[in-house]
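Chemist: Below is a structure I'd like to ask you about.
The values are calculated or read from the model by the stated rules, or taken from the named source; none is laboratory data. On a predicted model such as this, the values are computed, not experimentally measured, just so you know. With ideal geometry, Cβ positions are generated from the backbone for all residues, glycine too; neighbour counts draw on all protein chains shown. Note: accessible area is taken over every heavy atom of the protein model, side chains too, but ligands, DNA and RNA are not part of it. Shrake-Rupley method; radii C 1.70, N 1.55, O 1.52, S 1.80 Å.
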Amino acid sequence: MVGYDVVVIGAGFAGLAAARELVKHGHEVLVLEGRDRVGGRSSTASLAGVPVDLGGTFVGPTQDAVLALATELGCPTEPTYSEGANLIRWRGKVRSYRGTIPRLGLLRLVDIARIQWQVERLGRNVDITKPWASPSAKKLDGTTLGGWLHSVGAGASSRDLLAVMSRVTWGAEPDQVSMLHAVRYVKAAGGLDRMLDVVGGAQQDHFPGGTQQIAEAMAAELGDRVRLNAIATRIEWSDDAVAVTSSAGVVEARRVIVAIPPAHRLNIDVAPPPPIGYQQLAQSWPQGALSKAYAAYPRPFWRDKGLSGQALSDVGPVFITFDVSPGDDGPGILLGFADSRGFDALDAEERRKRALACFSALFGPDAENPIDYLDHCWGAETFAPGGPTAAVPPGAWTEFGHLLREPVGPLHWAGTETADEWTGFLDGAVRSGRRAAAEVVAALRN
Ligand SMILES: Cc1cc2nc3c(=O)[nH]c(=O)nc-3n(C[C@H](O)[C@H](O)[C@H](O)COP(=O)(O)OP(=O)(O)OC[C@H]3O[C@@H](n4cnc5c(N)ncnc54)[C@H](O)[C@@H]3O)c2cc1C
């Protein structure tokens, strides 16, 4: 056994950001990562020779933690292509529009604006740090986003658009997500426009080299402090020491940071068991499931037709698209978010066929024959499955939310789900890692 100051479980953005801070403070750190790579829900693959992100992709204004980190590590961003018209395939027709909200007729637009206003007004009374203590907590946590939409008489188009938002944000349906969670999440992102927009919002920029390079750069700095293929299975703890068992052996430390999604905490035995509520919290914070399909073409041909490559569809499996091509002259790359239901269970050929059918219904027959294709189903991962983030059901925040990141002796909790700003995003992951590192630095000083 080897003694460290801190063991960090998980080499996603949260765990690596935590380890980096701890090293800066002079601590001996070891990061245990169960996969054979770093990055977690950030994973960059190659399509027609172009880096493409299977998980976390976009960044935008006010995501200052991840943006500063990327700059520091020499990973530049570029704007997401958004010139020209967007498309919407809705109720059997394909139409074009500009901006975030599609042209769906005046009455529908008024209804969507009303719903947006109401969601944000509810947010005024929700405390992001302690949502369970908000005056409206019980009421909001007693219903789902879907139930709330029904209760305020949202029209069919508003409900369908918010279902699209729910799928892409949590990988879940509006009927699965607590309204308190939804309102808090939107507020933590700075509002619906900030969360959903391209220009001025969370999809404004992406990394030509992919997001995983940021994790790899952090891991390179940490060197042999990062151990891959090390699945943590048990933590034994006393007031001032931990012993962490992983598939790479047992290590001892003074503190541990568990930087994995709450649902995955269930896979680690903790002895003695944490106080009542921690196990229930992990059971109540399930990961959603979202998939992505990418197709590459010789050129971004849709740009020639004045199209931005951004589209919404009420027919799946692909329900949102973006253009992430490296430029005008290189290959054209379409990114489609796919509904995991009815996609993940298909065989590879059928997934490709269905995704390309969606691309061609939107962008025309040129989309039928890509030069390369790739998809990824996060809900079907065998280790640490799910994403983009937790789809928290009713009751969970008010029952167990106060335990989400409350340390247990020398155990500290990180991961984007525990962040107060940009919860669920890369930025929230970095912030959560730094917050947990600060807790540990303070604890080790005493
Ligand atoms: C399809 C998709 C699209 C997304 N799009 C965006 C986007 O555009 N912009 C954005 O900001 N965010 C996006 N996200 C979310 C973003 O990727 C996550 O918020 C972020 O990567 C979470 O980082 P994390 O460190 O908190 O957790 P993770 O990345 O999940 O890291 C946890 C790590 O712990 C490891 N682990 C788990 N259990 C154990 C164990 N027992 N032992 C050892 N290791 C363990 C896992 O393998 C993983 O590497 C997206 C995610 C997905 C899936």
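Chemist: What angle, in degrees between 0 and 90 and rounded to the nearest 10, separates the Cα long axis of helix 156-170 from the longest principal axis of the Cα atoms of the chain?
Modeler: Approximately 40 degrees, to the nearest ten.
Chemist: Using protein chains only and a probe of 1.4 angstrom, how many square angstrom of ARG95 are accessible, to the nearest 10?
Modeler: About 80 Å², rounded to the nearest 10.
Chemist: What per residue convex hull volume, in Å³, do the alpha-carbon atoms of region 55-117 yield? The partial results should precede the final answer.
Modeler: Numbers: hull volume 8.8 nm³, N = 63.
Hull volume normalised by residue count: 140 Å³.
Chemist: Let me ask something additional. Using the heavy atoms of the protein chains and a 1.4 angstrom probe, tell me the accessible area per residue for the chain in square angstrom. Working shown, then result.
Modeler: Values: 17360 Å² over 446 residues.
With the other protein chains kept in place, the chain gives 39 Å² per residue.
Chemist: Under a point-charge model restricted to the Cβ atoms of Lys and Arg (+1) and Asp and Glu (-1), what is the dipole moment magnitude of the chain relative to its Cα centre, in debye to the nearest 20? If you can, show how the numbers build up before the last one.
Modeler: Details: 43 positive and 50 negative charges, 254 e Å.
Dipole of the chain, to the nearest 20 debye: 1220 debye.
Chemist: Using the Karplus curve 6.51 cos²θ - 1.76 cosθ + 1.60 with θ = phi - 60°, work out ³J(HN,Hα) for each residue of region 260-265 in order, rounded to whole Hz, and write x for Gly and Pro.
Modeler: 9, x, x, 4, 7, 4
Chemist: What are the extents of the Cα atoms of region 103-196 along their three principal axes, listed from largest to smallest and rounded to whole Å?
Modeler: 39, 23, 23
Chemist: Tell me the angle of helix 179-188 to the major Cα principal axis of the chain, expressed in degrees between 0 and 90 and rounded to the nearest ten.
Modeler: 90 degrees
Chemist: Can you give me the solvent accessible area of GLU406 with a 1.4 Å probe, rounded to the nearest 10 Å²?
Modeler: 100 Å²
Chemist: Based on alpha-carbon centroids, what's the gap between region 135-158 and region 327-377 in Å, whole number please?
Modeler: Taking the Cα centre of region 327-377 as reference, the centre of region 135-158 is 33 Å away.
Chemist: Report relative contact order for region 106-238 in percent, whole number only (criteria: Cα-Cα under 8 Å, sequence separation at least 6). Could you put the intermediate results ahead of the total?
Modeler: Numbers: 105 pairs, mean separation 31.1, N = 133.
Relative contact order comes out at 23 percent.
Chemist: Follow-up. From the backbone phi of region 400-416, what are the Karplus-calculated ³J(HN,Hα) couplings (6.51 cos²θ - 1.76 cosθ + 1.60, θ = phi - 60°) in whole Hz, Gly and Pro given as x?
Modeler: These are the phi-based 3J(HN,Hα) values: 10, x, 5, 9, 3, 9, 7, x, 10, x, x, 9, 10, 10, 10, x, 4 Hz.
Chemist: ³J(HN,Hα) across region 293-303 via Karplus (A = 6.51, B = -1.76, C = 1.60, θ = phi - 60°), whole Hz, x for Gly/Pro?
Modeler: Working through the residues one at a time gives 10, 10, 10, 10, 10, x, 9, x, 4, 5, 4 Hz.
Chemist: If I take every Cα pair under 8 Å that is 6 or more residues apart in the chain, average their sequence separation and divide by the length, what percent do I get for the relative contact order?
Modeler: Working: 1005 pairs, mean separation 114.4, N = 446.
Rounded, it is 26 percent for the chain.
Chemist: Under 5 Å between amide hydrogens, which residues at least 5 positions from TYR4 or on another chain qualify, with H placed 1.01 Å from N in the peptide plane?
Modeler: GLU252, ALA253, ARG254
Chemist: Then there's this: So which of LYS305/LYS353; LYS138/LYS292; LYS187/LYS353; LYS130/LYS292 end up more than 31 Å apart by C-alpha?
Modeler: Values: LYS305/LYS353 24 Å; LYS138/LYS292 35 Å; LYS187/LYS353 38 Å; LYS130/LYS292 33 Å.
Those over the limit are LYS138/LYS292; LYS187/LYS353; LYS130/LYS292.
Chemist: Shifting gears a bit: Can you run the Rg to Rh ratio on the chain? Use alpha carbon positions and the Kirkwood inverse-distance Rh.
Modeler: Values: Rg = 21.7 Å, Rh = 22.3 Å.
Dividing the radius of gyration by the Kirkwood radius yields 0.97.
Chemist: Another one. Give me the percent of the accessible area of the chain that comes from carbon and sulfur atoms, probe 1.4 Å, all protein chains in place. Could you put the intermediate results ahead of the total?
Modeler: Working: 9100 of 17360 Å².
Roughly 52 percent, rounded to a whole number.
Chemist: 5 Å is the cut-off here: which amide hydrogens, built 1.01 Å from N in the peptide plane, fall below it relative to ALA419, excluding neighbours closer than 5 in sequence?
Modeler: GLY424
Chemist: Sticking with this one: Using DSSP, restrict attention to beta bridges with both residues in the chain and report what percent are antiparallel, rounded to the nearest 5.
Modeler: Expressed as a percentage, antiparallel bridges in the chain total about 70.
Chemist: Taking amide H atoms as placed 1.01 Å from N in the peptide plane, list the residues 5 or more away in sequence, or in a different chain, whose amide H sits under 5 Å from that of THR389.
Modeler: Sorted by chain and number, the residues that satisfy this are GLY288.
Chemist: Quick check: the angle from helix 212-222's long axis to the longest principal axis of the chain, C-alpha only, nearest 10 degrees?
Modeler: 20 degrees
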